[in-house]
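A.B. asks: Below is the structure I would like to discuss, written out as structure tokens.
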Amino acid sequence: MHMSQIRKLKMSRPWALAFACMMLAALVLAAAQTASAVVRMPDVSKEMTKASYWSDKQPDADAVLADRSTIDQLNQDGIDADGTMLQPLKDAAERFYTKEEQQRLKGGVEGDLAYFLSVGAEDVEGNALTEEEAAEIAANCPTDGSTPQIASGYAIVTTHTTMRNLPTDRMMGETPGDADDDNLYLSMLRVNEPLLVRAASVDGKFLLCISSCLQVSWVPTEDVAICKDRDEWLEAWDIPEGEELVVTGYKVRTEQSRVTKNTANRLLYMGTVLQRVDKEDARELVGTRSIYNNHVCYLPVRDDDGNYSRELALIAESEKVSEGFLPLTSENISKVAFNALGQMYGWGGMLEADDCSGYVRDVYKCFGLELARNTTWQMNLPVRQYDLEDMDDAHKAAAIAQMPLGTVLFWGGHEMLYLGQEDGKLYVISAVGSVGDLFDGGYGATQVKGVVVNTLDMVRGNRNTWLQTLTKANVPYVPQSDQGTSMYDIAFYEGTATWPDETFVETGSAIEPEVAIPFLEEGADYTVSFKDNVEPGTATVTIAGAGDYSGAVSRTFEILPASIADATVSVKNVTYTGKAQKPKPTVKLGGTTLELKKDYTVSYADNVDAGTATVTVKGTGRFTDSVEKTFKIKKAAQAIKAKNAKKTVKLKKGEKKLAKTKRVSLKRLAGVSAKTAVSYTRINKDGRSRISVNTKTGDVALKAGLKKGAYKVKVKLRAAADDNYKAAKAKTVTLKVVVK
């Protein structure tokens, strides 16, 4: 709209009124939208969607669970292990596929296409894959042994992209009518990830690459840049420790720019690792911008020929990024995991979104930990593992309840991060495509496609719960060599067992506080026994395994002698009444509340006047000794009582004014009273020269010479504070004096 048009609109009052109404309606609508609630999964409160809610439940939530050297070793162990598909990129040789390998590759592609034909894989318009389309895709695979026309086989991802199992952009949907479900994809790739190129498609639009988590898959050529040699490739991604800039938010984008176009509007996904550049001279610009309140880093760039270079870029200090990998703590795991809450689910990284295993990979990548690509391969990682498959629900729940926040729970095809328990329910967070029917209770699915928090009571389409379905748990930051305590050793459950308080008071009888292990059954799974639990001293409670469980764990508690001198006494403050104050104290010893007269007697001192009083608690019955506690007697409030009054003075016959001074009592006439002395202050001028008020007594002097007439004497009354009373609120009374 041109400024001339705007000026014309401003001149139109009807338009202005309509515009005002429109804006008001928009504000009302915005307020209504703000007030609407976020819908959460069953049994999930708003508080439970905060990272701190779960990390606060962890002992030593800020303790480092794995240091840099441990993480590096875990990464190497994962590469060395069978069945993880993690690739030793640093050690891999640069080479391209031979003719025979290319032909085998095409055979694999044709096998995938045969499957997609059999299921009628749909494109975005809902059209089923045809034989002609399948043949065209297969023909895009090289078979003649030709090598890619590129400078080297070393590549760097420059744009957030995906790896796919076919050299095509054609969607392979297996859910009819759902264009957001595409089985073409295998895994997402973050900016600055390294790749090894093995072949190129016939049309040149795709490169067959090895990534850190997949052997070979197709990647769009336009999304990667080719390095001139291995040294340049390593410099791009093998960043010295401490120089990393790690994206810990779910998605971060660089700012728009018409000058630094190569680095503008770049999507940086959770777990993206860039090289930080420390600059101190703020006069040096990045493009047209200063570096104030920004992280400076290198971003990989693809030139017109597809070759690699890197350019400086800025990421705002307000974005969720970390200088160096985050310390691997329970608190940080929870923070990073919840950075994605509510974000979209995307199979294989499609639509710039994560699937379940990709989400878990991204969370742990923020700490430098490299996990395998899918659930099956992650279950093969050589880390601390728990086999849940043959356990019933109660025993499985009991075991999971002992596991730390961030434990990865699995069944074939889905995984999640364990958060903790609340009110007998176990909670997890995951990127999930669908769950069982949440509304009608029947078989079938409720579409979710997002990162959500839910309990393990959640059902699947077959009506089995998630808890029933779980088969395995991994603690990904603990090496396999450290398996810890067995799930069938009762010591495994020590952390969540309900143990007694540290101290109890002698009762003369056996003290047996409640002891339990959540989800397990006393008698069937464990027994509880006590020792030395009658007389004062150290008592012992032991939980011993039963049934399938073995081992035992013990805790001690103290039985205190019945000396009331160690009791905790609390007594409420009171207000002055003029009488002796005797508030009843609360007396506790070792967590037990004692009874007045049965266990102790009380006496008081200095308990009448305002100030500090003392109550002495003296043991009786089983208790001896005594203990004192002070309490406050607060000053009492007071109010001045008074009313307006009238006094008529009659002159003698023939007199026109008073012949001599006459005194009247305002205190008596107005009924003035208060808890402390009252002062009287005249506040008006009517007859002031012949009428005065005594400030202390309130006596009103009607002086000789006061003429006939009616006079109003307004007096402000004040009652000052003393040792026992607060000052009263001032009160004004009027004495009407009539001389006739």
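A.B. asks: If you take the charge dipole of segment 492-560 about its Cα centre, with +1 on Lys and Arg Cβ and -1 on Asp and Glu Cβ, which of LEU520, SER554, GLY537 is farthest toward its positive end?
C.D. replies: It is SER554.
A.B. asks: Which of ILE633, TYR604, VAL649 sits farthest toward the positive end of the charge dipole of segment 581-668, with +1 on the Cβ of Lys and Arg and -1 on the Cβ of Asp and Glu?
C.D. replies: The one lying farthest along the dipole's positive direction is VAL649.
A.B. asks: Can I ask one more? Grab the beta carbon distance between GLU502 and ALA546, set R0 = 35 Å, and tell me the FRET efficiency rounded to 0.05.
C.D. replies: That gives a FRET efficiency of 0.85.
A.B. asks: Could you compute the FRET efficiency for ALA605 and ALA704, with r as their C-beta to C-beta distance and R0 at 56 Å, rounded to 0.05?
C.D. replies: Working: r = 58 Å, r/R0 = 1.04.
In this case the efficiency is close to 0.45.
A.B. asks: Another question, then. With an 8 Å Cα cut-off and a minimum separation of 6 or more residues, compute the relative contact order for the chain in percent.
C.D. replies: Details: 1629 pairs, mean separation 60.8, N = 740.
After rounding, I find 8 percent.
A.B. asks: Out of THR575, THR624, GLY591, whose Cα points farthest toward the positive end of the dipole of segment 564-634 (charges: +1 Lys, Arg; -1 Asp, Glu; placed on Cβ)?
C.D. replies: The listed residue farthest towards the positive side: THR575.
A.B. asks: So if I place +1 on the C-beta of Lys and Arg and -1 on the C-beta of Asp and Glu, and nothing else carries charge, what would the dipole magnitude of segment 487-542 be about its Cα centre? I want it in debye, nearest 20. Before the final figure, lay out each step's value.
C.D. replies: Details: 1 positive and 12 negative charges, 12 e Å.
Approximately 60 debye in magnitude.
A.B. asks: List the residues, sorted by chain then number, that are 5 or more residues from THR162 or on another chain and whose placed amide H is less than 5 Å from its amide H.
C.D. replies: LEU189
A.B. asks: What is the dipole size for segment 277-341, taken about its Cα centre, with +1 at each Lys and Arg Cβ and -1 at each Asp and Glu Cβ, in debye to the nearest 20?
C.D. replies: Details: 7 positive and 12 negative charges, 48 e Å.
In total the dipole reaches around 240 debye.
A.B. asks: Calculate one ³J(HN,Hα) per residue across segment 524-533 by plugging θ = phi - 60° into the Karplus curve 6.51 cos²θ - 1.76 cosθ + 1.60, and present them in order as whole Hz with x for glycine and proline.
C.D. replies: Computed from phi, the couplings for segment 524-533 are 7, 10, 7, 10, 10, 9, 10, 9, 6, 10 Hz.
A.B. asks: How large is ³J(HN,Hα), in whole Hz, for each residue of segment 394-408 in order, when computed from phi with the Karplus curve 6.51 cos²θ - 1.76 cosθ + 1.60 and θ = phi - 60°, using x for Gly and Pro?
C.D. replies: Taking θ as phi minus 60°, the curve returns 5, 6, 5, 4, 4, 5, 4, 4, 7, 7, x, 3, x, 4, 8 Hz for segment 394-408.
A.B. asks: Loop-only check: which GluC sites (Glu not before Pro) in segment 217-284 are DSSP coil with at most 13 other Cβ within 10 angstrom?
C.D. replies: Those that pass, being in a loop and sparsely packed, are GLU241, GLU280, GLU284.
A.B. asks: Pop out the ³J(HN,Hα) list for segment 360-369 in order, Karplus 6.51 cos²θ - 1.76 cosθ + 1.60 with θ = phi - 60°, rounded to Hz; leave Gly and Pro as x.
C.D. replies: Listing the rounded values in order: 5, 4, 5, 4, 6, 5, 5, 9, x, 8 Hz.
A.B. asks: Then there is this: Please find the FRET efficiency linking SER52 to GLU514, where r is the Cβ-Cβ separation and R0 is fixed at 22 Å, and quote it to the nearest 0.05.
C.D. replies: Details: r = 30 Å, r/R0 = 1.34.
Once rounded, the FRET efficiency stands at 0.15.
A.B. asks: If one takes the longest principal axis of the Cα atoms in the chain, at what angle in degrees, from 0 to 90 and to the nearest 10, does the Cα axis of helix 99-119 lie?
C.D. replies: 60 degrees
A.B. asks: What residues from segment 288-309 fall in the zone where the backbone N is under 19 Å from a label point 7 Å along the Cα-to-C-beta line of GLU255?
C.D. replies: Those under the cut-off are 288-300.
A.B. asks: Would you work out the charge dipole size for the chain about its Cα centre, treating the Cβ of every Lys and Arg as +1 and the Cβ of every Asp and Glu as -1, and quote it to the nearest 20 debye? Intermediate values should be presented prior to the final figure.
C.D. replies: On the way: 91 positive and 98 negative charges, 3071 e Å.
Charge dipole of the chain: 14740 debye, to the nearest 20.
A.B. asks: Another question, if that's okay. If you filter segment 424-520 for GluC sites (Glu not before Pro), then keep DSSP loop positions with at most 14 other Cβ within 10 Å, what is left? Walk me through the intermediate numbers first.
C.D. replies: Numbers: sites: GLU494, GLU502, GLU506, GLU514; in loops: GLU494, GLU502, GLU506, GLU514.
Answer by residue number: GLU502, GLU514.
A.B. asks: Show the residues, 5+ positions off or on another chain, whose built amide H is closer than 5 Å to the amide H of GLY324.
C.D. replies: Placed amide hydrogens put GLU244, LEU245, VAL246 under 5 Å from GLY324.
A.B. asks: Would you mind ranking ILE156, ILE79 by Cβ crowding within 10 Å, fewest neighbours first? It would help to have the intermediate numbers written out before the result.
C.D. replies: Numbers: ILE156 24, ILE79 18.
Ordered from fewest to most neighbouring Cβ atoms within 10 Å, ILE156, ILE79 come out as ILE79, ILE156.
A.B. asks: Output the relative contact order of segment 492-560, whole-number percent, from Cα pairs under 8 angstrom with separation of 6+ residues. List each step's numbers first, then the result.
C.D. replies: Numbers: 129 pairs, mean separation 22.4, N = 69.
In percent, rounded to a whole number, it is 33.
A.B. asks: Compute the distance from the alpha-carbon center of segment 151-184 to that of segment 624-654, in whole Å.
C.D. replies: Between the Cα centres of segment 151-184 and segment 624-654 lies a distance of 88 Å.
A.B. asks: In whole angstrom, note down how far apart the Cα centers of segment 558-596 and segment 409-464 are.
C.D. replies: If we compute the Cα centre of each part, the gap is 51 Å.
A.B. asks: Fewest to most neighbouring Cβ within 10 Å: what's the order for TRP237, TRP499, TRP54? Please list the in-between numbers first.
C.D. replies: On the way: TRP237 20, TRP499 17, TRP54 28.
Lowest count first: TRP499, TRP237, TRP54.
A.B. asks: When ASP423, ASP182 are ordered from fewest to most other Cβ atoms inside 10 Å of their Cβ, what list results? Show your work: numbers first, answer last.
C.D. replies: Details: ASP423 6, ASP182 24.
The order, fewest Cβ neighbours first, is ASP423, ASP182.
No lab work stands behind these numbers, since they all come straight from the coordinates. This is a predicted model, so every value here is computed, not measured. Cβ sites come from the backbone with ideal geometry, for glycine too, and all protein chains shown count toward neighbours.
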